[in-house]
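Since every read-out is calculated from the coordinates, none of them should be taken as a lab result. Note that the coordinates shown come from a computational prediction; the quantities given were computed from them, not determined experimentally. Ideal geometry is used to build each Cβ from the backbone, glycine not excepted, and the neighbour counts take in all protein chains shown.
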Amino acid sequence: MNRAEVFDLLIEIKQNYPNFDVSDESIERHYKYLRDFPFEAALKNVEQHIMTERFPPTIADIRGRLGEQMDSQRSKDKAVAYFEQLERWRKDGSEPPPGYWDSVRAKLKGDAG
C-alpha cells in the first residue's frame, strides 16, 4: 500500500469515527506498518470493523488476519475444484478413480490428512 492509499484508508475511518487522528504523524505511523499490506484487504477489514465496532480500528484491526483469510480462500478454492470434479464425473457418467470414496471416508473419520 502506498501513502495515498493509507491516506484514503484513514479518511474512510475519519468519516465514521470523527475523533480519529489523521495527523501527518498518524499517517506516517500507519504507512510504516501497512506499506506491505494490500489496500483492498485493508479496506475490507476497515469496512467490516466500521459495521461491527464502536471504536476506531487499530493497525492490527486494519491488517486483520490476512494469513487466516488466505487459508480460508485456499480452502474455498479447493472446495470449488472438488465440486467441479464431481460434476464432471457426473456429466461424463464416469466413476471416480479406484479408492477415491475410501479416501473420502477416511478423511471424514479423521484417519487421513
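Below are the figures for this structure:
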read-out: Residue pairs, from the table Lys76/Lys107; Lys44/Lys76; Lys14/Lys78; Lys78/Lys109; Lys44/Lys91, whose Cα atoms sit over 28 Å apart; value: Lys14/Lys78; Lys44/Lys91
read-out: Gyration tensor (alpha-carbon) shape descriptor, the range 67-109, a/c threshold 1.5; value: oblate
read-out: Taking Asp102, Asp21 and counting other C-beta atoms within 10 Å, the order from fewest to most; value: Asp102, Asp21
read-out: Rough spin-label spacing in nm, given labels placed 7 Å along Cα→Cβ, for Ile11 and Ser103; value: 5.2
read-out: Residue-span extension gain [Asp24 to Leu43] - 0.36 nm each, minus C-alpha spacing; value: 4.9 nm
read-out: Total charge dipole magnitude, the chain, about the Cα centre, Cβ charges on Lys, Arg, Asp, Glu only, Debye to nearest 20; value: 420
read-out: Three principal axis lengths of the range 1-89 [C-alpha, angstrom, descending]; value: 59, 26, 17
